[in-house]
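Asks: The structure that follows is given in the form of structure tokens.
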4 protein chains.
Amino acid sequence: MCRFLCYKGPELLLSDLLYRPKNSLILQSYKSRERKEPLNGDGFGIGWYTAQSSPTPCTFTSITPAWNNQNLRRLSDHVKSSCFFAHVRAASPGMRVCETNCHPFQNGRYLWMHNGIIEGFSQIKRRLRESLPDRLYNTIEGTTDSEHAFAVFLNLLGDPDLPHSANEIGQVLIETVHQLERWTAETKSTAPSYYNFAVTDGHNIAAIRYVSDPTMEPASLYYSAGGKYQCVEGECQFAHCHLGERSVVIASERLNENDSDWIRVAPNHLLIVNEELETRVALMEIERHGSRVETSSLYGRG
Amino acid sequence: MCRFLCYKGPELLLSDLLYRPKNSLILQSYKSRERKEPLNGDGFGIGWYTAQSSPTPCTFTSITPAWNNQNLRRLSDHVKSSCFFAHVRAASPGMRVCETNCHPFQNGRYLWMHNGIIEGFSQIKRRLRESLPDRLYNTIEGTTDSEHAFAVFLNLLGDPDLPHSANEIGQVLIETVHQLERWTAETKSTAPSYYNFAVTDGHNIAAIRYVSDPTMEPASLYYSAGGKYQCVEGECQFAHCHLGERSVVIASERLNENDSDWIRVAPNHLLIVNEELETRVALMEIERHGSRVETSSLYGRG
Amino acid sequence: MCRFLCYKGPELLLSDLLYRPKNSLILQSYKSRERKEPLNGDGFGIGWYTAQSSPTPCTFTSITPAWNNQNLRRLSDHVKSSCFFAHVRAASPGMRVCETNCHPFQNGRYLWMHNGIIEGFSQIKRRLRESLPDRLYNTIEGTTDSEHAFAVFLNLLGDPDLPHSANEIGQVLIETVHQLERWTAETKSTAPSYYNFAVTDGHNIAAIRYVSDPTMEPASLYYSAGGKYQCVEGECQFAHCHLGERSVVIASERLNENDSDWIRVAPNHLLIVNEELETRVALMEIERHGSRVETSSLYGRG
Amino acid sequence: MCRFLCYKGPELLLSDLLYRPKNSLILQSYKSRERKEPLNGDGFGIGWYTAQSSPTPCTFTSITPAWNNQNLRRLSDHVKSSCFFAHVRAASPGMRVCETNCHPFQNGRYLWMHNGIIEGFSQIKRRLRESLPDRLYNTIEGTTDSEHAFAVFLNLLGDPDLPHSANEIGQVLIETVHQLERWTAETKSTAPSYYNFAVTDGHNIAAIRYVSDPTMEPASLYYSAGGKYQCVEGECQFAHCHLGERSVVIASERLNENDSDWIRVAPNHLLIVNEELETRVALMEIERHGSRVETSSLYGRG
């Protein structure tokens, strides 16, 4: 269980979102409010796009905690981006703290983060890996369920160099969960899996808040899409603004106490953000019943 | 503000004290009970003596948190010692997290740890350093008040190769605080300094629980001297035992909930443990009054 | 390509072998003599047995170079052992420098090191992993060919808790190479693989010097079994000694210039050391011919 | 003794200079050509200016070697700058490898690097520190002669927020060496000190190639100011170009074998680069004679 944050909007300093909010992600690295255990100190990572340099994102990861990392502090005070991901990790039991297990994971233009746990992952790891083509099988460097889930996503996505719409990325994200749930169901596991995933190609973002057992509460997830994010005299908030200056923040926790800024993503829902910063929320209908998994397509309801 | 632990007694595995108690030091690295802020994740260190190898202790330090360090886990499961120190750090504001700032600090046969903060340290740092002979001036590698205090202690101690009794080491520890308080008083600072120090030569241990403002509560400190420390079937406690099998544990927090095992060190008191594992507690009479510091010798009262 | 060292004999300080010899392993971490590229600075590891504490070895690994690691320096000056492994790594291209890729690898009572490279490893990785039972499949934490080869060894060995003789361990080591060669042959690869492996259970050691293409020179490997290893006044050598005080050192390079101390392991030979410190060298007859691999058992020649 | 590189010119990707040249700085981290010992693997650092974000530079430092650091690799592939410094370190004996000892050192708008050693530094450290005002005394975090020399420079420079010309910065750099030499002369030391320093405020650069004993060869230093630096199809060179597209590279070693690209800085000379990329070289007349140091001002000759 971890905490993460996604940003898309006008270019801003990473520190404006990572350090300056009252309940910043850096604060959440040791004092998160909506996890039972407040600590997320098992390393961290950031990934950001600078369109003028490269279509692929730059990532910086470390096994030390986010709150005391000087390189992170300095990078955040100097790097500007109009699209970035950040993640503070709480390693699941048995998972090593090493750079290869740090989120966000990167492959080509894509970034991927996970807040959650795939129950019984060791029991599905083998068939998951076997399902992968060599080009993905051999890129896996760590041992996390999260990185393996990313490989499943990339496999379902097809050619990563083709452009994909926000809807397509969201649909593939749902299929990824569906696939993971099918494998898990085959193991007869009844323990709930938590899949708060976020993925981006630098243009579109898709994120889900999902738990496989509908009687459980998934990990927390919020978003804000009200206006331009601004920090003025120590107060960070979303200001009303002209069209074209809007920003979207997706975060495990609300970054400030201004509740009107934040919308809670409903359980088992998908949130997508397209290039024009339009957001859309859709119900994910996937349910594990014993060894059977039922699903419905994202757009099959209307 | 940090947490620490000292052990002297029959040889035991480090993990028996570092990992197995209910409120172990490793647990205190993220969930300490008697600090307002429970986190002590800014690196750690251990130092242990193995008489058969060397009179000097071996130290292992790291800037990563204690709770996820695999080297610490493995060393603790394999290293036995009859005298060791361990420390989990919460870096004071402005103090870097680097190995040179990790406790315990080592010099020759001595180990030194600190849980606290010297208020206004940057204002006394210069005169403190000037008071040191070259042999100590040039051994300082980090920037902490703690390491500098150790240099003051060593300077007051004199020849580190001569044997010193527990009483002498305790007396020098009090003089160290006295000296630090005098320098602080010269700066007209009125903020309280917290000096929970522990020091050992591998044979004797001295530790103090001290705050310069008597209206404040010093950082917590306990000791246990009741018997042999044992872990049996998951339960770790101090067992009644034959003479010669006793052990002493000094710790920032009680390691278990068996309160009868633990004695709270009274505020502004010194605790000393000699080679025969006899313990003695004495009042430290040092008081800062404006720019004046009053003291009384350890044994001067009666 | 890396450098390594194995020791078995009377208990000694690790630093006597790691730091004090003229061509010590620490020196080899940046100035090795018998590799074209002298640098082995991509992390390191040590593993040692202390029979009185545990039948399993303690390991200490780090991603920083051996030559400047202060924890290694201090541990080596304080830890004594009668059986230990040490390794300085030169990461193969594409292999990450992280703790999970550091040698020696440990599993139960066993330690494993590799100096070399399995050519085309990414092409055999999948079938190698599929051959493993879950208990081994899920213990793999890194991405090296070396750690995967260890899993193959452990699988061929069977129950790791049963005692195995030096001969048996040597035989399983040969079968491991044989199995790796068969998989490689199936890929039609003609590039040579280098397999200098060393393995121990704390009692017996087996090591091989092997290259799959007999026209190539395998990585260097030596051993010394002449007497007790001693460092006197800066001179480290193997002294004549009474029976029962002998020691065996196996090393990628001769540790001193006293050539009479060292025997070169012949190409494609196995060296075994049993509990009584008796050494035996045997030819490994494994040859890759296109997609066919021929072998002969260690003792099958009469 | 280390290796470093300075760049000023049209904005380019850091990797174009750090990784792509035949004798790149990353290659020099393990295979430098103009040092007796080719290894510079004791950590590294980069500092770069992005005028649109901040007048202060961003720095990224690490204690791991430059050649295998993935964060450096990724940052270099994504960060563009028109002025940056980079340094690969070979720690002097007794100097710890920790982030606080990594170059470049940063203070406000300034970056500072050193390739060399101040002989007998421990003997002048105390008086050097005493000469510093509190604002500089308390910013020193490490133990290197290099960082201390930077503090001397900043003290001589005066208000760091005032603009200073390249000439002024160069003059202060010479005065810094002069001051260090005077202190060293007082210790009666006769061993040579090596002072290849580089300093920048993001607009101007000053660098010196200096050894205190004129019979010795100072550490190597080159610069190139012939045109725009370009990498085309694997060939990196300085191309003829229009005015206003010129670039200047200052480097411990020539980055390619095209000798006409490079000018060797003469021993005990200062090189300055101003905002218009004009370069100027001047003789530094400082000589240590016993306990006396003679100097002449930068512009006193003409």
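Please treat every number below as a calculation from the coordinates, not as lab data. All of these numbers come straight from a predicted model, not from anything done at the bench. Cβ: placed from backbone, ideal geometry, glycine included. Neighbour counts: every protein chain shown.
Asks: Considering every residue in A:57-64, what mean count of other chain Cβ atoms within 10 Å of its Cβ is obtained? Before the final figure, lay out each step's value.
Replies: Working: counts 2, 7, 5, 7, 3, 3, 8, 8.
Neighbouring Cβ atoms belonging to other protein chains average 5 per residue here.
Asks: Continuing with the same structure: Let me know the mean shielding of A:201-208 by other chains, meaning the per-residue number of their Cβ atoms within 10 Å of its Cβ.
Replies: Details: counts 0, 0, 0, 0, 0, 0, 0, 0.
Partner Cβ neighbours, averaged per residue: 0.
Asks: Something else about it: I want to make sure I understand the PRE zone here: with the label point 7 angstrom from the Cα of C:R127 toward its beta carbon, which residues in region C:165-199 have backbone N atoms less than 13 Å away?
Replies: C:179-189
Asks: Could you line up C:M284, D:M113 from fewest to most neighbouring Cβ atoms inside 10 Å? Write out the running numbers ahead of the final one.
Replies: Working: C:M284 21, D:M113 27.
In increasing order of surrounding Cβ atoms, one gets C:M284, D:M113.
Asks: Related question: Sort the following peptides by mean Cβ neighbour count (other Cβ atoms within 10 Å, averaged over residues), highest first: B:246-256, C:269-279. Intermediate values should be presented prior to the final figure.
Replies: Details: B:246-256: 23.2, C:269-279: 18.5.
Those peptides, ordered most packed to least, come out B:246-256, C:269-279.
Asks: Give me the distance between the Cα centres of region D:227-283 and region B:242-284, rounded to whole Å.
Replies: Distance between centres, Cα-based: 68 Å.
Asks: Hey, another quick one. Would you mind giving the mean number of other chain beta-carbons within 10 Å of the Cβ of each residue in C:30-43, as a whole number? Intermediate results must be reported in sequence, preceding the final value.
Replies: Numbers: counts 5, 3, 0, 0, 0, 0, 0, 2, 4, 8, 0, 9, 5, 3.
So the per-residue partner count for this stretch is 3.
Asks: At C:L162, with labels set 7 Å past Cα in the Cβ direction, how many nm apart are the copies from this one, shortest first?
Replies: Shortest to longest, the spacings are 5.4, 6.5, 8.4 nm.
Asks: Which whole-Hz ³J(HN,Hα) couplings does region B:110-117 yield from phi under the Karplus relation 6.51 cos²θ - 1.76 cosθ + 1.60, θ = phi - 60°, glycine and proline marked x?
Replies: Once rounded to whole Hz, the list reads 9, 10, 9, 9, 9, 10, x, 7.
Asks: Would you mind classifying region A:67-209 by shape? Square roots of the alpha carbon gyration tensor eigenvalues, ordered a ≥ b ≥ c; an a/c under 1.5 is rounded, otherwise it is prolate if a/b is larger than b/c and oblate if not. Intermediate results must be reported in sequence, preceding the final value.
Replies: Details: a/c = 1.80, a/b = 1.28, b/c = 1.41.
It comes out oblate by the Cα gyration axes.
Asks: Still on this structure, please answer the following. Mind giving me the nanometre distance, one decimal, between the label points for C:E217 and C:T190, set 7 Å out from Cα along Cα→Cβ?
Replies: For C:E217 paired with C:T190, the spin-label model returns 2.3 nm.
Asks: Sorted by packing (mean other beta-carbon atoms within 10 Å per residue), highest first, where do D:214-221, A:200-207 land?
Replies: Working: D:214-221: 16.2, A:200-207: 24.9.
Most protected by this proxy first, the peptides run A:200-207, D:214-221.
Asks: Provide D:K8, C:K31 in ascending order of the number of other Cβ atoms located within 10 Å of each residue's Cβ, fewest first.
Replies: Working: D:K8 26, C:K31 16.
Ascending number of Cβ neighbours within 10 Å: C:K31, D:K8.
Asks: Sticking with this one: Can you order the peptides D:104-110, C:81-87, A:154-160 by their average number of other Cβ atoms within 10 Å per residue, highest first? Mind dumping the intermediate values first?
Replies: On the way: D:104-110: 21.7, C:81-87: 25.6, A:154-160: 15.9.
Descending mean neighbour count gives C:81-87, D:104-110, A:154-160.
Asks: Quick check on chain A: helices-only [θ] at 222 nm, where DSSP H runs of length 4 and up contribute -39,500 (n - 2.57) each and the sum goes over total residues. Nearest 500, please. Don't skip to the answer; put the middle values down first.
Replies: Values: 7 runs with 69 residues, N = 302.
Here the helix-only value at 222 nm equals -6500 deg cm²/dmol.
Asks: Now for a separate question. Given axes a ≥ b ≥ c from the Cα gyration tensor, I'd like to know whether region B:229-274 is rounded (a/c under 1.5), prolate (a/b larger than b/c) or oblate. Please list the in-between numbers first.
Replies: Details: a/c = 2.66, a/b = 1.39, b/c = 1.92.
Note, shape of region B:229-274 comes out oblate.
Asks: How many angstrom separate the Cα center of region A:1-45 from the Cα center of region D:194-225?
Replies: About 43 Å separates the Cα centre of region A:1-45 from the one of region D:194-225.
Asks: Along the Cα→Cβ direction, 7 angstrom out, place labels at B:E276 and A:E233. What is the inter-label distance in nm?
Replies: Label at B:E276, label at A:E233, 7.0 nm between them.
Asks: Considering amide H positions built from the backbone, and no H for Pro or chain starts, which residues 5 or more places from C:H269, or on another chain, come under 5 Å of its amide H?
Replies: Result for C:H269 returns C:R209, C:M284.
Asks: Just check the protein assembly as shown against the gyration tensor rule for me: Cα atoms, a ≥ b ≥ c as the square roots of the eigenvalues, rounded for a/c under 1.5, and otherwise prolate or oblate depending on whether a/b exceeds b/c. Write down the numbers at each step before the final one.
Replies: On the way: a/c = 1.14, a/b = 1.05, b/c = 1.09.
Rounded shape, in that the Cα axes give a/c under 1.5.
Asks: Collect residues whose amide H, placed 1.01 Å from N in the peptide plane, falls under 5 Å from the amide H of A:R3; neighbours closer than 5 in sequence don't count.
Replies: Hits under the 5 Å cutoff: A:V88, A:A90.
Asks: Kindly state, to the nearest 0.05, the FRET efficiency for D:H240 paired with C:E37, given R0 = 41 Å and r defined as their beta-carbon distance. Don't skip to the answer; put the middle values down first.
Replies: Details: r = 37 Å, r/R0 = 0.90.
Taking R0 as 41 Å, the efficiency between D:H240 and C:E37 is 0.65.
Asks: List the distances, in nm to one decimal, from the label point of D:S260 to the label points of the same position in every other copy, shortest first, placing each label point 7 Å from Cα along the Cα-to-Cβ direction.
Replies: 6.1, 7.1, 9.3
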